[in-house]
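Reading through the structure tokens given below for one structure.
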Amino acid sequence: MPDFTCRLKQFRLAKGLTQEQLASAVGVRRETIMRLEAQYNPSLKLAVDISRTVEAPIEEIFIFE
């Protein structure tokens, strides 16, 4: 199984967003953002929404090796 690295926290902080603000922007609860930052795999739709919100490519935020 490929290794998964989540760089969401770095991109969120670079945009000056709290977990709550990002969660609100993409339509999920803050706990979901917290879990994603702790290495939880997102759904494709959520990954796309987050990518658009933080204005960074999905493959730079969520890395599968």
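The values are calculated or read from the model by the stated rules, or taken from the named source; none is laboratory data. This structure is a prediction, so every number in the text was calculated from the model and none was measured. Please note: Cβ atoms are built from the backbone with ideal geometry, for glycine as well, and neighbour counts cover all protein chains shown. When the accessible area is computed, the model is the full protein with side chains, heavy atoms only, and any ligands, DNA or RNA have been set aside. Shrake-Rupley method; radii C 1.70, N 1.55, O 1.52, S 1.80 Å.
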Give the residue that is farthest from Q10 (Cα to Cα), with candidates limited to residues of the range 42-65 that are touching a Leu at 6+ places or on another chain (Cβ under 8 Å) and of a type outside the set (A, V, I, L, M).
P42
State which residue is most open to solvent (accessible area, probe 1.4 Å) when the search covers only the range 41-64 and only residues that are touching a strand residue (DSSP E or B) at 6+ places or on another chain (Cβ under 7 Å) and outside any helix (DSSP H, G or I).
F64
Any pair with Cβ under 9 angstrom, 6 or more apart, that starts in the range 38-65 at a residue that is within 10 Å of F4 (Cα to Cα) and ends at one that is of a type in the set (V, I, T) and at pLDDT below 90
Q39/T5; F62/T5; I63/T5; F64/T5; E65/T5
Selection status of L22, in contact with a Pro (Cβ under 7 Å, 6 or more places away or on another chain) and either surrounded by 15 or more Cβ atoms within 10 Å (Cβ to Cβ) or at pLDDT below 95 (or both):
no
Within the range 26-37, restricting attention to residues that are touching a residue at least 24 places away in the same chain (Cβ under 8 Å) and hydrophobic (A, V, I, L, M, F, W, C), which residue is surrounded by the fewest Cβ atoms within 10 Å (Cβ to Cβ)?
V26
Where a residue in the range 4-25 is among the charged types (D, E, K, R) and its partner, wherever it lies, is in a helix (DSSP H, G or I), with Cβ under 7 Å and at least six apart:
R7/E60; R7/I61; K9/E37; R12/L22; R12/V54; K15/V54; E20/R30
A careful count of residues in the range 1-30 that are in contact with a helix residue (DSSP H, G or I) (Cβ under 8 Å, 6 or more places away or on another chain) and part of a helix (DSSP H, G or I) gives 12
